[in-house]
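Undergrad: Structure incoming, see below.
The values are calculated or read from the model by the stated rules, or taken from the named source; none is laboratory data. Remember, it's a predicted structure, so these values are computed and weren't measured experimentally. Cβ atoms come from the backbone with ideal geometry, glycine included; neighbour counts cover every protein chain shown.
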Amino acid sequence: MSEPLLRAENLGKTFGGGGGFSMRAKQPGVRAVDGVSFSIERGETLAVVGESGCGKSTMGRLLLRLIDATDGNVFFEGTDINALSQSEMRQMRRKAQMVFQDPYGSLSPRRSIVDIVAEPLEAFGMVRNQRDKRERVAELLTQVGLPASIMDRNPRQFSGGQRQRIGIARAISVDPSFIVADEPVSALDVSVQAQVVNLLQDLQDKKNFSYLFIAHDLAVVRHIADRVMVMYLGRVVEIGPKRQIYTVPQHPYTQALLSAAPEPDPDVRVKRIILEGDVPSATRVPTGCAFHTRCPLVQPICKAQRPELREVAPGQSAACHFAVPNPIAV
């Protein structure tokens with residue numbers, strides 16, 4: 001098999017820790033990402049889901065080295081990006097871009113659309129002059145469903161959905177092969193979300209992008225993902241093909257997330273799984289399985305021993321002591 005476009009190995013990130021400037025005892029750090037391993041193939045969409053604070057966005061930034069990992073490695077096209085110099089990393093970023101969650105905060109209100117979209121093009125020397133710049137921006141705006149005539153206006157004149165399209169135009173301007181989409185539709189009206197998701201899929205079909213699609217809305221994920229990765233307190237608890245995750249979820253946390261998702265068909269009755277208690281603090285992750293404090297199936301082994309991520313069906317793995325291997329793919 002060919003090398004995947006991107007591969008993460010035992011990726012980890014700890015924020016803080018230490019006593020600071022006081023004389024207090026050393027404070028525990030926040031283990032935002034904890035030993036995460038996965039790969040993304042060319043042209044694939046891997047969706048990452050989980051509650052707020054589970055480490056989804058931190059992991060996305062680690063993959064682009066917008067923040068440095070505490071431990072582990074990220075290989076992009078076979079190269080360990082953590083070993084690259086700043087100049088080498090700058091060139092790599094032409095191939096890997098990001099679409100941000102907030103379409104209002106991610107675009108400068110003082111700059112024109114043409115300058116915002118062309119910023120990566122100018123940074124990598126991909127436009128020769130103003131005429132070339134405007135022609136390229138006009139083409140990009142058309143690709144994301146916006147008229148070229150808007151390029152001299154400012155972001156504040158546009159709706160959230162239009163601003164997100166502008167952000168997507170900026171991300172695709174340098175023809176990347178990988179895009180981290182960090183909850184790109186969560187700040188948009190429901191009526192606009194489908195339009196933006198369809199746009200991302202259309203662009204992927206035309207340009208063969210790979211996406212890491214970070215989301216909490218399982219309905220959106222079901223529409224766009226090829227595979228789904230579920231995270232809880234910085235750890236991967238389940239990963240596999242979308243169809244298998246949605247039809248035969250193996251981890252109790254995945255089952256609870258899916259049971260809470262709205263069901264559009266009124267004739268389909270879903271048994272709700274109500275989780276007790278709150279998500280534990282990331283500074284004091286429970287021993288053993290991090291989910292054991294809320295798991296309805298908890299047993300003594302769950303409190304004492306951390307379950308390894310193991311294959312339970314072809315392409316599907318779960319980190320649960322009681323996940324039942326199923327040799328038949330759905």
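Undergrad: Please determine, by comparing only the residues of the stretch 182-203 that are modelled with pLDDT of 90 or more and among the charged types (D, E, K, R), which one is surrounded by the fewest Cβ atoms within 10 Å (Cβ to Cβ).
TA: If we take residues in the stretch 182-203 being modelled with pLDDT of 90 or more and among the charged types (D, E, K, R), then ASP202 is surrounded by the fewest Cβ atoms within 10 Å (Cβ to Cβ).
Undergrad: Among the numbered conditions (1) modelled with pLDDT of 90 or more; (2) within 13 Å of the chain's Cα centre (by Cα); (3) under 30 Å from GLY125 (Cβ atoms), tell me where GLU88 comes up short.
TA: (2)
Undergrad: Consider only pairs whose beta carbons are under 7 Å apart and that are at least six residues apart or on different chains; among these, list those whose first residue lies in the stretch 271-296 and is touching a residue at least 60 places away in the same chain (Cβ under 8 Å) and whose second residue is acidic (Asp, Glu).
TA: The qualifying pairs are VAL279/GLU51.
Undergrad: I want to confirm something. Restricting to the stretch 139-156 and keeping residues that are outside any loop (DSSP other than H, G, I, E, B) and modelled with pLDDT of 95 or more, which single residue is nearest to LEU203 (Cα to Cα)? Even if it seems obvious, please write down each step before you answer.
TA: Within the stretch 139-156, the subset outside any loop (DSSP other than H, G, I, E, B) is 139-143, 148-150, 155-156.
Applying the additional criterion that residues be modelled with pLDDT of 95 or more yields 139-143, 148-150.
Values: GLU139: 13, LEU140: 11, LEU141: 12, THR142: 12, GLN143: 8, ALA148: 18, SER149: 21, ILE150: 21 Å.
Result: GLN143.
Undergrad: Kindly check whether there is at least one residue in the stretch 26-43 that is modelled with pLDDT under 95, of a type outside the set (Val, Ile, Thr) and within 19 Å of MET98 (Cα to Cα).
TA: No, the conditions are met nowhere in the stretch 26-43.
Undergrad: Within the stretch 121-138, how many residues are in a loop (DSSP other than H, G, I, E, B) and surrounded by fewer than 13 Cβ atoms within 10 Å (Cβ to Cβ)?
TA: The qualifying residues number 3.
Undergrad: ASP205 passes all but one of (1) touching a Pro at 6+ places or on another chain (Cβ under 8 Å); (2) free of Cβ contacts under 8 Å to residues at least 12 places away in the same chain; which number fails?
TA: Of (1) touching a Pro at 6+ places or on another chain (Cβ under 8 Å); (2) free of Cβ contacts under 8 Å to residues at least 12 places away in the same chain, only one is false for ASP205: (1).
Undergrad: Okay, next question. Looking only at residues that are among the acidic types (Asp, Glu) and not in a helix (DSSP H, G or I) in the stretch 58-90, which one is nearest to VAL36 (Cα to Cα)?
TA: ASP71
Undergrad: For residues that are in a strand (DSSP E or B) and surrounded by fewer than 22 Cβ atoms within 10 Å (Cβ to Cβ), tally how many sit in the stretch 26-39. Step through it out loud before you land on a result.
TA: Filtering the stretch 26-39 for residues in a strand (DSSP E or B) gives 27, 30-39.
Restricting the remaining residues to those that are surrounded by fewer than 22 Cβ atoms within 10 Å (Cβ to Cβ) gives 27, 30, 35, 37-39.
So the answer is 6.
Undergrad: In the stretch 204-223, what count of residues is obtained for those that are in contact with a Leu (Cβ under 8 Å, 6 or more places away or on another chain) and at pLDDT 95 or above?
TA: Of the residues in that region, 4 qualify.
Undergrad: Next question, about the same structure. Could you list all residues from the stretch 56-106 that are in contact with a Phe, Trp or Tyr (Cβ under 9 Å, 6 or more places away or on another chain) and of a type in the set (Gly, Ala, Ser)?
TA: ALA96, SER106
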